[in-house]
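Heads up, the thing below is written out as C-alpha coordinates.
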Amino acid sequence: MNEGCVGKVYPPTAPYEVGREKIKEFAAAVREGNAACWDTEAARALGYPDIIAPPSFPMVLTLEAEHDAVHDPELGAANQNRFVHREQRFAYNRPIHAGDVLTVTVRLAGVDSVGGNDVVTYESTLKAADGEHVCTGRSTFVIFNQEGGDVP
Amino acid sequence: MTVETAARPRYEDIEPGFRLPGRTFRVERKDLVRYGGAACDYNVIHWDDRTAVAMGLPSPIAHGMFTMGLALGVLTDWAGDAGAVVDFGGRFPRLVPVPNDGVGVELTVEATVMEKLEPPRLRLSVAVRLGGSDGGKVLTMPKTIVALR
(Lines give C-alpha, C1' and ligand atoms only; values in the text may rest on other atoms or scores of the structure.)
Protein backbone atom coordinates (compact mmCIF):
# COMPACT_ATOMS: atom_id res chain seq x y z
CA MET A 1 0.00 0.00 0.00
CA ASN A 2 1.03 3.58 -0.62
CA GLU A 3 1.91 5.05 2.78
CA GLY A 4 2.05 8.46 1.15
CA CYS A 5 -1.76 8.39 1.15
CA VAL A 6 -1.96 8.65 4.94
CA GLY A 7 -3.69 11.90 5.77
CA LYS A 8 -5.57 11.97 2.48
CA VAL A 9 -9.04 13.47 2.84
CA TYR A 10 -11.75 12.33 0.46
CA PRO A 11 -14.52 14.64 -0.80
CA PRO A 12 -17.69 14.69 1.36
CA THR A 13 -20.30 12.11 0.40
CA ALA A 14 -23.64 13.03 -1.16
CA PRO A 15 -26.13 14.13 1.52
CA TYR A 16 -27.95 11.22 3.22
CA GLU A 17 -31.41 11.92 4.62
CA VAL A 18 -32.11 9.81 7.69
CA GLY A 19 -35.61 8.38 7.38
CA ARG A 20 -37.86 7.21 10.20
CA GLU A 21 -38.47 3.83 8.65
CA LYS A 22 -34.72 3.32 8.07
CA ILE A 23 -34.11 3.98 11.77
CA LYS A 24 -36.78 1.43 12.70
CA GLU A 25 -35.43 -1.12 10.23
CA PHE A 26 -31.96 -0.73 11.71
CA ALA A 27 -33.27 -0.76 15.30
CA ALA A 28 -35.10 -4.02 14.59
CA ALA A 29 -31.96 -5.59 13.12
CA VAL A 30 -29.88 -4.83 16.24
CA ARG A 31 -32.85 -5.55 18.56
CA GLU A 32 -32.80 -2.01 19.92
CA GLY A 33 -35.93 -1.71 22.00
CA ASN A 34 -35.62 1.80 23.40
CA ALA A 35 -38.77 3.78 22.69
CA ALA A 36 -36.77 6.80 21.49
CA CYS A 37 -35.94 4.81 18.34
CA TRP A 38 -39.52 3.82 17.67
CA ASP A 39 -41.95 6.42 18.88
CA THR A 40 -41.79 10.12 18.06
CA GLU A 41 -43.63 11.15 21.22
CA ALA A 42 -41.29 9.08 23.38
CA ALA A 43 -38.29 10.67 21.64
CA ARG A 44 -39.73 14.15 22.17
CA ALA A 45 -40.31 13.37 25.85
CA LEU A 46 -36.53 12.89 26.06
CA GLY A 47 -35.93 16.22 24.30
CA TYR A 48 -35.18 14.95 20.79
CA PRO A 49 -36.86 16.50 17.73
CA ASP A 50 -37.86 13.08 16.31
CA ILE A 51 -36.97 9.42 16.77
CA ILE A 52 -33.24 8.88 17.14
CA ALA A 53 -30.98 6.26 15.58
CA PRO A 54 -29.36 3.49 17.64
CA PRO A 55 -25.77 4.38 18.56
CA SER A 56 -24.13 2.14 15.93
CA PHE A 57 -26.27 3.54 13.09
CA PRO A 58 -23.62 5.87 11.60
CA MET A 59 -21.85 2.75 10.32
CA VAL A 60 -24.55 2.66 7.62
CA LEU A 61 -23.01 5.85 6.23
CA THR A 62 -19.36 5.42 7.09
CA LEU A 63 -19.03 1.88 5.75
CA GLU A 64 -19.98 2.86 2.23
CA ALA A 65 -17.81 5.96 2.30
CA GLU A 66 -14.83 4.03 3.67
CA HIS A 67 -15.44 1.17 1.25
CA ASP A 68 -15.11 3.66 -1.60
CA ALA A 69 -11.87 4.90 -0.06
CA VAL A 70 -10.47 1.35 0.14
CA HIS A 71 -10.91 1.19 -3.64
CA ASP A 72 -8.85 4.34 -4.20
CA PRO A 73 -6.33 3.25 -6.87
CA GLU A 74 -3.73 5.60 -5.39
CA LEU A 75 -3.88 3.58 -2.12
CA GLY A 76 -3.14 0.33 -3.94
CA ALA A 77 -4.71 -2.05 -1.39
CA ALA A 78 -4.21 -5.71 -2.37
CA ASN A 79 -7.67 -7.23 -2.57
CA GLN A 80 -10.30 -4.64 -1.84
CA ASN A 81 -13.26 -7.00 -1.86
CA ARG A 82 -12.27 -9.20 1.08
CA PHE A 83 -11.95 -7.25 4.25
CA VAL A 84 -13.10 -7.65 7.81
CA HIS A 85 -13.58 -5.15 10.56
CA ARG A 86 -11.04 -5.17 13.37
CA GLU A 87 -11.87 -2.07 15.41
CA GLN A 88 -14.52 0.64 15.51
CA ARG A 89 -15.14 3.74 17.56
CA PHE A 90 -17.81 6.43 17.45
CA ALA A 91 -17.77 9.62 19.49
CA TYR A 92 -20.95 11.69 19.46
CA ASN A 93 -21.65 15.36 19.72
CA ARG A 94 -25.39 14.62 19.56
CA PRO A 95 -27.61 11.67 18.53
CA ILE A 96 -28.71 11.27 14.91
CA HIS A 97 -32.44 11.87 14.48
CA ALA A 98 -34.96 11.29 11.71
CA GLY A 99 -34.82 14.16 9.26
CA ASP A 100 -31.09 14.72 9.65
CA VAL A 101 -29.31 15.26 6.33
CA LEU A 102 -25.77 14.01 6.85
CA THR A 103 -22.53 14.03 4.92
CA VAL A 104 -19.43 11.98 5.66
CA THR A 105 -15.87 13.14 5.17
CA VAL A 106 -13.34 10.31 5.25
CA ARG A 107 -9.68 10.72 6.09
CA LEU A 108 -7.13 7.92 5.80
CA ALA A 109 -5.66 7.88 9.31
CA GLY A 110 -3.18 5.04 8.95
CA VAL A 111 -1.94 2.02 7.02
CA ASP A 112 -0.25 -1.07 8.42
CA SER A 113 0.47 -4.70 7.63
CA VAL A 114 -0.37 -7.65 9.89
CA GLY A 115 0.24 -11.29 9.03
CA GLY A 116 0.74 -10.51 5.35
CA ASN A 117 -2.54 -8.57 5.16
CA ASP A 118 -3.07 -4.86 4.63
CA VAL A 119 -4.64 -2.92 7.51
CA VAL A 120 -6.26 0.48 7.01
CA THR A 121 -7.67 2.95 9.53
CA TYR A 122 -10.11 5.69 8.56
CA GLU A 123 -11.50 8.63 10.49
CA SER A 124 -14.94 9.68 9.30
CA THR A 125 -16.67 12.88 10.31
CA LEU A 126 -20.46 13.18 10.07
CA LYS A 127 -21.93 16.64 9.74
CA ALA A 128 -25.51 17.87 9.53
CA ALA A 129 -26.79 20.09 6.71
CA ASP A 130 -26.05 23.23 8.73
CA GLY A 131 -22.46 22.11 9.31
CA GLU A 132 -23.01 20.96 12.90
CA HIS A 133 -20.67 18.16 13.93
CA VAL A 134 -22.75 15.08 14.76
CA CYS A 135 -20.22 12.34 15.36
CA THR A 136 -16.80 11.02 14.41
CA GLY A 137 -15.99 7.41 13.65
CA ARG A 138 -12.69 5.60 13.55
CA SER A 139 -12.63 2.28 11.67
CA THR A 140 -9.89 -0.29 11.20
CA PHE A 141 -10.21 -2.96 8.52
CA VAL A 142 -8.01 -5.92 7.61
CA ILE A 143 -7.86 -6.42 3.83
CA PHE A 144 -6.98 -10.03 3.07
CA ASN A 145 -4.15 -10.70 0.70
CA GLN A 146 -5.34 -13.77 -1.18
CA GLU A 147 -1.73 -14.76 -1.87
CA GLY A 148 -1.19 -16.30 1.53
CA GLY A 149 -2.38 -13.83 4.15
CA ASP A 150 -3.59 -15.28 7.45
CA VAL A 151 -7.21 -15.10 8.47
CA PRO A 152 -7.17 -13.99 12.13
CA MET B 1 -45.96 4.13 24.12
CA THR B 2 -44.73 6.18 27.06
CA VAL B 3 -41.28 6.61 28.51
CA GLU B 4 -41.04 5.56 32.13
CA THR B 5 -38.79 8.27 33.49
CA ALA B 6 -38.98 6.80 36.99
CA ALA B 7 -37.31 3.62 35.74
CA ARG B 8 -34.20 5.34 34.43
CA PRO B 9 -31.07 5.00 36.58
CA ARG B 10 -29.69 8.18 38.12
CA TYR B 11 -26.04 9.16 38.15
CA GLU B 12 -26.16 9.78 41.89
CA ASP B 13 -27.27 6.23 42.61
CA ILE B 14 -24.60 4.39 40.59
CA GLU B 15 -21.23 3.37 42.01
CA PRO B 16 -18.16 1.80 40.32
CA GLY B 17 -18.44 -1.96 40.24
CA PHE B 18 -22.15 -1.90 39.42
CA ARG B 19 -22.94 -4.64 36.94
CA LEU B 20 -25.73 -3.98 34.47
CA PRO B 21 -28.28 -6.71 33.82
CA GLY B 22 -26.55 -8.91 31.23
CA ARG B 23 -28.22 -10.46 28.25
CA THR B 24 -27.74 -13.45 25.98
CA PHE B 25 -28.74 -13.19 22.32
CA ARG B 26 -29.27 -16.07 19.95
CA VAL B 27 -27.88 -15.24 16.52
CA GLU B 28 -28.72 -17.21 13.40
CA ARG B 29 -27.74 -16.75 9.76
CA LYS B 30 -31.05 -15.03 9.04
CA ASP B 31 -30.14 -12.40 11.64
CA LEU B 32 -26.92 -11.66 9.76
CA VAL B 33 -28.85 -11.28 6.51
CA ARG B 34 -31.29 -8.95 8.24
CA TYR B 35 -28.51 -6.84 9.74
CA GLY B 36 -26.63 -6.75 6.45
CA GLY B 37 -29.71 -5.43 4.69
CA ALA B 38 -30.51 -2.83 7.34
CA ALA B 39 -26.88 -1.66 7.54
CA CYS B 40 -26.31 -1.76 3.75
CA ASP B 41 -23.42 -4.15 4.38
CA TYR B 42 -23.40 -6.68 1.56
CA ASN B 43 -19.94 -8.13 2.23
CA VAL B 44 -20.20 -11.76 1.09
CA ILE B 45 -18.20 -12.97 4.09
CA HIS B 46 -21.34 -12.45 6.19
CA TRP B 47 -23.66 -14.70 4.21
CA ASP B 48 -21.92 -16.78 1.54
CA ASP B 49 -20.66 -20.22 2.59
CA ARG B 50 -18.45 -20.67 -0.47
CA THR B 51 -16.54 -17.45 0.24
CA ALA B 52 -16.15 -18.33 3.91
CA VAL B 53 -14.80 -21.80 3.12
CA ALA B 54 -12.44 -20.37 0.50
CA MET B 55 -11.05 -18.11 3.23
CA GLY B 56 -10.55 -21.02 5.60
CA LEU B 57 -13.51 -20.19 7.83
CA PRO B 58 -16.04 -22.82 8.96
CA SER B 59 -18.93 -20.56 7.92
CA PRO B 60 -19.81 -16.91 7.27
CA ILE B 61 -19.10 -14.60 10.21
CA ALA B 62 -21.24 -12.13 12.12
CA HIS B 63 -20.68 -8.45 11.34
CA GLY B 64 -18.61 -6.92 14.10
CA MET B 65 -21.05 -4.02 14.14
CA PHE B 66 -23.98 -6.38 14.57
CA THR B 67 -22.33 -7.73 17.70
CA MET B 68 -21.59 -4.18 18.83
CA GLY B 69 -25.16 -3.12 18.11
CA LEU B 70 -26.53 -5.90 20.31
CA ALA B 71 -24.16 -4.89 23.12
CA LEU B 72 -25.05 -1.21 22.85
CA GLY B 73 -28.72 -2.09 23.10
CA VAL B 74 -28.09 -3.55 26.55
CA LEU B 75 -26.72 -0.14 27.61
CA THR B 76 -29.48 1.95 26.04
CA ASP B 77 -32.10 -0.34 27.56
CA TRP B 78 -30.57 0.14 31.01
CA ALA B 79 -30.15 3.91 30.58
CA GLY B 80 -33.68 4.25 29.18
CA ASP B 81 -32.35 6.47 26.39
CA ALA B 82 -30.95 5.38 23.02
CA GLY B 83 -28.97 8.63 22.98
CA ALA B 84 -27.18 7.91 26.25
CA VAL B 85 -24.14 6.12 24.79
CA VAL B 86 -22.02 9.06 23.67
CA ASP B 87 -18.62 7.45 23.05
CA PHE B 88 -17.78 3.82 22.43
CA GLY B 89 -15.17 1.81 20.71
CA GLY B 90 -13.93 -1.69 20.64
CA ARG B 91 -11.93 -4.45 19.08
CA PHE B 92 -13.15 -7.66 17.57
CA PRO B 93 -10.47 -10.07 18.78
CA ARG B 94 -12.16 -13.19 17.40
CA LEU B 95 -14.41 -13.84 14.44
CA VAL B 96 -17.88 -15.25 15.08
CA PRO B 97 -18.78 -17.96 12.54
CA VAL B 98 -22.55 -18.45 12.35
CA PRO B 99 -23.54 -21.78 10.80
CA ASN B 100 -26.69 -21.97 8.72
CA ASP B 101 -28.10 -24.80 10.82
CA GLY B 102 -31.24 -23.21 12.25
CA VAL B 103 -29.57 -23.02 15.66
CA GLY B 104 -26.81 -20.46 15.28
CA VAL B 105 -24.73 -19.22 18.22
CA GLU B 106 -25.26 -17.41 21.50
CA LEU B 107 -23.66 -14.08 22.33
CA THR B 108 -23.55 -12.97 25.96
CA VAL B 109 -23.20 -9.27 26.83
CA GLU B 110 -21.66 -8.13 30.12
CA ALA B 111 -21.28 -4.50 31.22
CA THR B 112 -19.79 -3.03 34.40
CA VAL B 113 -19.52 0.57 35.58
CA MET B 114 -15.79 1.25 36.04
CA GLU B 115 -15.63 4.94 36.88
CA LYS B 116 -17.77 8.00 37.53
CA LEU B 117 -16.72 10.86 35.27
CA GLU B 118 -18.04 14.41 35.45
CA PRO B 119 -21.84 14.25 35.93
CA PRO B 120 -23.79 12.73 34.33
CA ARG B 121 -21.17 10.55 32.62
CA LEU B 122 -20.05 7.05 33.54
CA ARG B 123 -17.31 4.92 32.04
CA LEU B 124 -18.28 1.31 31.50
CA SER B 125 -16.40 -1.74 30.38
CA VAL B 126 -18.41 -3.94 28.03
CA ALA B 127 -17.61 -7.41 26.73
CA VAL B 128 -19.39 -9.85 24.45
CA ARG B 129 -18.62 -13.56 24.74
CA LEU B 130 -19.36 -16.37 22.33
CA GLY B 131 -21.55 -18.76 24.27
CA GLY B 132 -22.13 -18.26 27.99
CA SER B 133 -20.23 -16.20 30.55
CA ASP B 134 -17.24 -18.58 30.28
CA GLY B 135 -16.97 -18.22 26.48
CA GLY B 136 -14.19 -16.41 24.61
CA LYS B 137 -14.47 -12.65 24.12
CA VAL B 138 -15.48 -11.58 20.62
CA LEU B 139 -15.81 -7.88 21.44
CA THR B 140 -14.27 -5.72 24.14
CA MET B 141 -15.27 -2.10 24.70
CA PRO B 142 -13.28 -0.92 27.73
CA LYS B 143 -14.02 2.81 27.40
CA THR B 144 -17.72 3.15 26.80
CA ILE B 145 -19.15 6.46 27.98
CA VAL B 146 -22.80 6.60 29.03
CA ALA B 147 -24.42 9.93 29.91
CA LEU B 148 -27.36 9.45 32.27
CA ARG B 149 -30.00 12.11 32.81
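The values are calculated or read from the model by the stated rules, or taken from the named source; none is laboratory data. This one's a predicted model, so the numbers in the text were calculated from it and none came from an experiment. Here the Cβ is made from the backbone with ideal geometry for all residues, glycine too, and neighbour counts use every protein chain on show.
Some points to look at:
- Residue ranges of helices (runs of 4 or more DSSP H) in segment B:1-106 with at least 3 members within 18 Å of A:PRO55 (Cβ to Cβ) and facing another protein chain (nearest Cβ under 10 Å): B:29-39, B:64-79
Yes or no, residue by residue, for (1) among the β-branched types (Val, Ile, Thr); (2) in contact (Cβ under 8 Å) with a residue 12 or more places away in the chain:
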position	(1), (2)
A:PRO73	no, no
A:THR103	yes, yes
A:ARG107	no, yes
A:ARG138	no, yes
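- Taken together, the residues in segment A:4-21 that are under 18 Å from A:ALA65 (Cα atoms) and either of a type outside the set (Gly, Ala, Ser) or surrounded by 22 or more Cβ atoms within 10 Å (Cβ to Cβ) (or both) amount to 12.
- Unique match (being acidic (Asp, Glu) and modelled with pLDDT under 95) among B:ASP87, B:ASP134: B:ASP134
- Among residues of segment A:23-50 that are at positive phi and within 7 Å of another protein chain (Cβ to nearest Cβ), those with a beta-carbon under 7 Å from a residue that is small (Gly, Ala, Ser) and buried (at least 18 other Cβ atoms within 10 Å of the Cβ) at least six positions away or on a different chain give the pairs A:ARG31/B:GLY73.
- Residue count, segment A:49-68 (criterion: surrounded by fewer than 20 Cβ atoms within 10 Å (Cβ to Cβ) and in contact with a strand residue (DSSP E or B) (Cβ under 6 Å, 6 or more places away or on another chain)): 2
- Taken as a whole, segment B:39-49 holds at least one residue that is farther than 23 Å from A:ASN34 by Cα, at pLDDT below 95, among the polar types (S, T, N, Q) and out of contact with any Pro (no Cβ under 9 Å at 6 or more places or on another chain).
- Residue match in segment B:8-26 (condition: touching a Pro at 6+ places or on another chain (Cβ under 6 Å) and surrounded by fewer than 20 Cβ atoms within 10 Å (Cβ to Cβ)): yes
- Summed over segment A:4-53, the residues that are within 22 Å of the chain's Cα centre (by Cα), part of a helix (DSSP H, G or I) and charged (D, E, K, R) give a count of 5.
- Any pair with Cβ under 9 angstrom, 6 or more apart, that starts in segment B:44-60 at a residue that is at positive phi and free of Cβ contacts under 8 Å to residues at least 12 places away in the same chain and ends at one that is hydrophobic (A, V, I, L, M, F, W, C) and not in a helix (DSSP H, G or I): B:GLY56/A:VAL151
- Those residues of segment A:66-109 which are within 14 Å of chain B (Cβ to nearest Cβ) and of a type in the set (D, E, K, R), in sequence order: A:GLU66, A:ASP68, A:ARG82, A:ARG86, A:GLU87, A:ARG89, A:ARG94, A:ASP100
- Restricting B:VAL109, B:VAL146, B:VAL126 to those that are among the β-branched types (Val, Ile, Thr), touching a residue at least 12 places away in the same chain (Cβ under 8 Å) and closer than 15 Å to B:ARG26 by Cα reduces the list to B:VAL109.
- Residues satisfying the stated conditions in segment A:81-117, i.e. surrounded by 19 or more Cβ atoms within 10 Å (Cβ to Cβ) and in a loop (DSSP other than H, G, I, E, B): A:ARG82, A:PRO95, A:ILE96, A:ALA98, A:ASP100
- Here A:ALA78 meets the list (1) at pLDDT below 95; (2) touching an Asp or Glu at 6+ places or on another chain (Cβ under 7 Å); (3) part of a helix (DSSP H, G or I) almost entirely, failing just condition (3).
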